[in-house]
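Participant: Have a look at this one.
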Amino acid sequence: MATPVKVYGPAMSTAVSRVLACLLEKNVDFQLVPVHLAKGEHKKPDFRKIQPFGQVPAFEDEGISLFESRAICRYICEKYTDKGNKGLYGTNPVARASIDQWLEAEGQSFNPPSSVLVFQLAFAPRMKVKQDQVVIKQNEEKLSKVLGIYEKRLGETRFLAGDEFSLADLSHLPNTQYLVTTSGRGEMFTSKKNVGRWWNEISSRQSWKKVVDMQNKGA
């Protein structure tokens, strides 16, 4: 029996959960290997052999190791083309280019402000770190502008890269989940007709529900 793919890190990590959602969409068996961040396990030499920056996730598959969640997701889609959701990363050059451009938008425009807000609003209180209201306001304004662009786009297409759910949509799930459910900022998404519809649809996918269940169980 082949050794399953290994993902190192806690499911509550936004980057780890992105990879888990992709694996579930592709019906790829995997093993989630715990990494205790509070104990500094991600900074130890053994872990740095597979993740030189000492961050999660780290990823192993048949002797190769990768890091950076979006690169891992692309690899999963490329290697396991015929498994699970076959259109997750497009089935032709035009579809893939559209997915890639919205993945870039997520990484360059959506992720920076949303990640700051996730930390400030969801994680800082748990860590007993004082919230910075100035930083929160600045990043709410930045994210609001991005979501305005999304609102227009999602009025034209069902999903960001077209009319099929793709890696571009999946990549938005981790941060949005925290902002909608635990930070009190859900209205930033749900108050917009098209963004709200889009969020309700992508967050209802069975793959993402399984990830949220893993998070709730402390995996």
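The values are calculated or read from the model by the stated rules, or taken from the named source; none is laboratory data. Small disclaimer: the values here were computed from a predicted structure and weren't measured. Here the Cβ positions follow ideal geometry from the backbone for every residue, glycine too, while neighbour counts run over all protein chains shown. To get the accessible areas, we keep the full protein, side chains included, count just its heavy atoms, and leave off ligands, DNA and RNA. Shrake-Rupley method; radii C 1.70, N 1.55, O 1.52, S 1.80 Å.
So that you can scan it fast, the table gives a plain yes or no per residue for (1) of a type outside the set (D, E, K, R); (2) free of Cβ contacts under 8 Å to residues at least 24 places away in the same chain; (3) surrounded by 18 or more Cβ atoms within 10 Å (Cβ to Cβ):
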| site | (1), (2), (3) |
| --- | --- |
| LYS128 | no, yes, no |
| ASP132 | no, yes, no |
| LYS137 | no, yes, no |
| LYS145 | no, yes, no |
| GLU151 | no, no, no |
| PHE159 | yes, no, yes |
| ALA168 | yes, no, yes |
| PRO174 | yes, no, yes |
| LEU179 | yes, no, yes |
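Participant: Tell me, which helices (runs of 4 or more DSSP H) wholly within segment 113-219 include 3 or more residues that are out of contact with any Ser or Thr (no Cβ under 9 Å at 6 or more places or on another chain) and of a type outside the set (D, E, K, R)? Working first, answer last.
Facilitator: Details: elements: 124-127, 133-153, 167-170, 173-181, 187-190, 193-202, 206-216.
Where helices (runs of 4 or more DSSP H) fall fully within segment 113-219 and carry at least 3 residues being out of contact with any Ser or Thr (no Cβ under 9 Å at 6 or more places or on another chain) and of a type outside the set (D, E, K, R), they are 124-127, 133-153, 193-202, 206-216.
Participant: Look at SER109 and say whether it is closer than 20 Å to SER204 by Cβ, open to solvent by less than 60 Å² (accessible area, probe 1.4 Å) and touching a residue at least 12 places away in the same chain (Cβ under 8 Å).
Facilitator: Answer is no for this residue.
Participant: Scan segment 59-71 residue by residue and report those that are surrounded by fewer than 23 Cβ atoms within 10 Å (Cβ to Cβ) and within 16 Å of ALA168 (Cβ to Cβ).
Facilitator: Initial filter on segment 59-71 (surrounded by fewer than 23 Cβ atoms within 10 Å (Cβ to Cβ)): 60-68, 70-71.
Within segment 59-71, ARG70, ALA71 qualify.
Participant: Still on this structure: Is there any pair linking a residue in segment 198-215 that is more than 15 Å from VAL19 (Cβ to Cβ) to one that is in a helix (DSSP H, G or I), with Cβ under 6 Å and at least six apart or on different chains, and which?
Facilitator: From segment 198-215, the pairs are TRP199/PHE189; ILE202/ASP169.
Participant: Only residues that are among the small types (Gly, Ala, Ser) and under 23 Å from LYS83 (Cα atoms): list them for segment 1-56, please.
Facilitator: Answer for segment 1-56, where residues must be among the small types (Gly, Ala, Ser) and under 23 Å from LYS83 (Cα atoms): ALA2, ALA11, ALA15, SER17, ALA21.
Participant: Closer than 20 Å to SER166 by Cβ, of a type in the set (Asp, Glu) and either open to solvent by 60 Å² or more (accessible area, probe 1.4 Å) or assigned to a strand (DSSP E or B) (or both): does that describe GLU78?
Facilitator: So GLU78 fits the description; yes.
Participant: If you don't mind, there's one more thing I want to ask. Consider segment 23-45. How many of its residues are part of a helix (DSSP H, G or I) and among the basic types (Lys, Arg)?
Facilitator: So the answer is 2.
Participant: Return yes or no: is PRO52 modelled with pLDDT of 90 or more, in contact with a helix residue (DSSP H, G or I) (Cβ under 6 Å, 6 or more places away or on another chain) and at negative phi? Explain how you work it out, then say what you get.
Facilitator: Values: modelled with pLDDT of 90 or more: yes; in contact with a helix residue (DSSP H, G or I) (Cβ under 6 Å, 6 or more places away or on another chain): no; at negative phi: yes.
Against the criterion (modelled with pLDDT of 90 or more, in contact with a helix residue (DSSP H, G or I) (Cβ under 6 Å, 6 or more places away or on another chain) and at negative phi), PRO52 does not qualify.
Participant: Among the listed residues ASN92, ASN27, which satisfies the condition of being over 14 Å from the mean Cα position of the chain (by Cα), open to solvent by 40 Å² or more (accessible area, probe 1.4 Å), on the phi < 0 side of the Ramachandran plot and of a type outside the set (A, V, I, L, M)?
Facilitator: One residue alone meets the criteria, ASN92.
Participant: Checking ARG70 against (1) touching a residue at least 40 places away in the same chain (Cβ under 8 Å); (2) part of a loop (DSSP other than H, G, I, E, B), only one condition comes out false. Which one?
Facilitator: (2)
Participant: Restrict the check to segment 44-57 and report whether at least one residue is surrounded by fewer than 18 Cβ atoms within 10 Å (Cβ to Cβ), touching a strand residue (DSSP E or B) at 6+ places or on another chain (Cβ under 6 Å) and either of a type outside the set (A, V, I, L, M) or under 17 Å from LEU167 (Cα atoms) (or both).
Facilitator: no
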